[in-house]
């Protein structure tokens with residue numbers, strides 16, 4: 001039965017004639033090739049390490065592996081990707097068997113850690129300082145450590161899945177998790193917490209009784225002071241605790257009614273806040289006529305209610321600041337370069353690129369099969385694309401205004417002139433990106449699940465294309481900045497921007513017509529791609 | 001003499017080497033309630049999708065309400081209402097917002113679209129539901145799709161399994177509305193697996209099998225010797241039972 005489930009899952013993941021399959025294979029080969037290299041490095045390092053190094057550093061390495069193992073399923077859960085075992089509740093399969101399937105499939109999400117652990121274990125076996133072949137405990141320690149990580153990851157993920165299913169909690173928790181993920185990086189980059197962070201991790205790794213320190217003591221009996229059996233017992237205890245945690249969380253997940261948790265609360269009557277929102281949604285009708293106004297209005301409503309979009313929007317003005325601030329502030333100097341002229345522009349362009357993934361690069365993505373409405377309605381597709389572009393631009397400028405307000409409050413921007421420059425630059429870059437986005441939306445459409453914070457999986461070709469197109473789209477504006485730097489003249493800069501704007505407008509017009517024409521010709525493929533279904537287990 | 005509501009000649013559509021629709025000819029007079037029947041995978045949905053312009057035909061001609069597809073597709077789209085098999089609804093809008101959006105896409109003024117959306121929601125008993133469409137049940141989604149197909153008062157309805165997943169009350173309401181529309185001169189092109197529904201509602205029927213029309217005409221013409229529509233359907237489609245082979249069942 002388990003074999004049948006795993007086979008169905010593998011069949012659903014088969015590549016077939018799917019577009020981008022070759023790039024997926026290449027990406028996979030490259031990714032696991034890199035980790036195979038890391039495994040070889042771990043083997044060499046473990047082979048050459050002396051006893052004192054192993055004693056002090058091995059627990060830290062195993063803590064790192066444990067952390068990686070947990071963070072991947074945690075991130076995937078927060079982004080909404082993964083497996084839905086509830087689909088199998090229909091069949092007469094015992095829950096413990098489903099749990100085994102879950103754990104086995106979970107192994108695939110951190111196979112790179114198995115590679116590294118295997119490499120390190122081989123190195124330790126041949127290292128006389130570690131005990132060499134006499135260290136038979138190693139054969140038991142590593143599988144138990146792997147099991148501990150798998151079970152813990154499964155439990156944590158199940159717990160998070162339930163939490164994330166609740167309305168609004170998803171965005172907050174994802175934001176919190178990503179903040180935890182980014183915090184060490186920011187601390188190290190800014191140089192303020194490097195020592196504290198390193199010291200804290202070392203202390204955590206050395207604390208007796210933790211699974212990573214127990215595993216290290218079992219793996220290197222020479223450094224355990226004769227307590228390797230006690231360490232093995234401790235590790236076994238941790239694995240059993242993880243089994244209990246993983247299974248109980250899995251059971252609760254199977255019984256959990258996610259639909260009920262996500263249901264829209266219906267307060268009686270219409271609140272003042274709802275009235276205000278309604279008035280805001282009606283604003284496009286003041287500037288445009290139908291169908292353009294109707295499309296913009298629909299986009300504003302839909303996007304504002306989409307958890308994934310909201311998450312990216314929040315990330316745009318938070319992570320943009322968090323990621324770029326330390327870099328522009330002189331990395332480890334700890335000095336804040338206040339008033340940096342380019343800070344606001346850089347952060348806003350970063351936000352523009354982030355928003356692109358959920359708006360202009362794939363503008364039919366959230367509509368999925370409902371995008372057929374645009375093909376059935378008696379309106380030219382050009383208007384649909386233009387309406388979606390205007391809605392994207394609205395959110396881009398809203399993001400810019402939020403960022404301008406934050407940087408002004410923190411005294412990070414260079415005043416009104418910088419804000420105006422940013423608005424102009426973002427507008428010009430948007431022309432190029434929207435032009436390219438319309439073409440990519442028509443040629444590389446893919447269905448996006450609104451409740452997910454990230455898609456994951458089959459987007460490698462699309463992502464690869466974006467990486468190629470971003471520099472291209474930003475080149476005209478970069479040339480204008482280069483001209484200002486070279487000639488030291490604001491007039492030259494303004495002329496450069498004006499040229500970039502004219503060129504962008506022409507390119508946008510041409511791309512819009514081309515994309516609309518192509519959409520009409522490719523409507524069958526577009527709708528087929530947007531209606532793509534799910535596998536028996538994977539919701540991906 | 002007025003042009004037929006639908007006039008299709010030698011329509012073909014293939015996927016790879018498989019012909020989903022293989023030389024279909026149809027002539028449906030205006031004001032008729034037309035049932036398009038066939039087993040699963042016979043080519044019903046593909047035909048409807050070609051009639052709405054969602055997918056292009058490989059060859060053949062389509063003329064709807066006197067306009068040629070795809071040359072005059074905008075004129076055609078203005079005059080047809082579609083209820084697809086998979087409801088084409090935006091999950092992040094409420095029923096009222098979606099109906100208003102569809103009305104405006106079909107050229108109605110905003111206030112008219114809002115007014116009609118309200119009327120339709122009331123008619124389909126969806127007014128109290130301010131939930132997102134994504135939270136609707138299948139039957140409710142069908143009701144919204146049906147309401148959306150009515151909002152611009154089309155001359156021709158193309159409906160792919162419109163009663164699937166709809167409860168008895170909803171189905172009755174939808175049937176009454178459709179019958180009323182036909183009385184007012186609209187044409188209905190409907191596919192359904194429920195032969196009793198087709199038998200009760202439709203005045204003309206065509207049966208498609210393996211992408212070809214195997215028979216068409218009035219109900220009386222199809223049913224020979226007092227047989228039911230189901231008997232005629234099984235006779236024409238040629239489904240032979242081989243249950244005796246399943247001796248373990």
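The values are calculated or read from the model by the stated rules, or taken from the named source; none is laboratory data. Predicted model, so just to flag it, every value in this text is computed and none were measured. Every residue, glycine as well, gets a Cβ built from its backbone with ideal geometry; the counts of neighbours run over all protein chains shown.
List of remarks:
- Test: residue in the stretch B:94-102 that is farther than 19 Å from residue A:374 by Cα, touching a strand residue (DSSP E or B) at 6+ places or on another chain (Cβ under 7 Å) and either within 13 Å of chain A (Cβ to nearest Cβ) or in a loop (DSSP other than H, G, I, E, B) (or both): no
- Subset tally (residues that are crowded, with 17+ Cβ neighbours inside 10 Å and modelled with pLDDT under 50) for the stretch A:518-537: 2
Here's the yes/no breakdown for (1) at positive phi; (2) out of contact with any helix residue (DSSP H, G or I) (no Cβ under 9 Å at 6 or more places or on another chain):
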position: B:170; (1), (2): no, no
position: B:211; (1), (2): yes, no
position: B:221; (1), (2): no, yes
position: B:227; (1), (2): no, no
position: B:230; (1), (2): no, no
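- For the residues A:411, A:455, A:463, the requirement of being more than 27 Å from residue A:372 (Cα to Cα) and either modelled with pLDDT under 85 or outside the structural domain of residue A:370 (by TED's automatic domain parsing) (or both) singles out A:411.
- A single entry from A:37, A:67, A:80 fulfils the requirement of being closer than 29 Å to residue A:162 by Cβ and at pLDDT 80 or above: A:67.
- Condition met for residue B:169 (surrounded by fewer than 17 Cβ atoms within 10 Å (Cβ to Cβ) and modelled with pLDDT under 90): yes
- Residue within the stretch B:168-177 that is within 13 Å of chain A (Cβ to nearest Cβ), farther than 29 Å from residue A:281 by Cα and in contact (Cβ under 8 Å) with a residue 40 or more places away in the chain present: no
- Condition met for residue B:49 (modelled with pLDDT under 85 and either at the interface with chain A (Cβ under 10 Å from one of its Cβ atoms) or within 25 Å of residue B:117 (Cα to Cα) (or both)): no
- Of residues in the stretch A:287-301 being part of a helix (DSSP H, G or I) and surrounded by fewer than 24 Cβ atoms within 10 Å (Cβ to Cβ), the one nearest to the other protein chains (Cβ to nearest Cβ): A:301
- Those helices (runs of 4 or more DSSP H) of the stretch A:338-422 in which at least 1 residues are crowded, with 17+ Cβ neighbours inside 10 Å and within 14 Å of chain B (Cβ to nearest Cβ), considering only elements entirely within it, cover A:372-376, A:381-409.
- Those residues of the stretch B:110-156 which are away from chain A (no Cβ under 12 Å) and in contact with a strand residue (DSSP E or B) (Cβ under 8 Å, 6 or more places away or on another chain), in sequence order: B:142, B:146, B:150, B:155, B:156
- Residue in the stretch B:57-78 that is closer than 27 Å to residue A:366 by Cα, touching a residue at least 40 places away in the same chain (Cβ under 8 Å), more than 8 Å from chain A (Cβ to nearest Cβ) and buried (at least 21 other Cβ atoms within 10 Å of the Cβ) present: no
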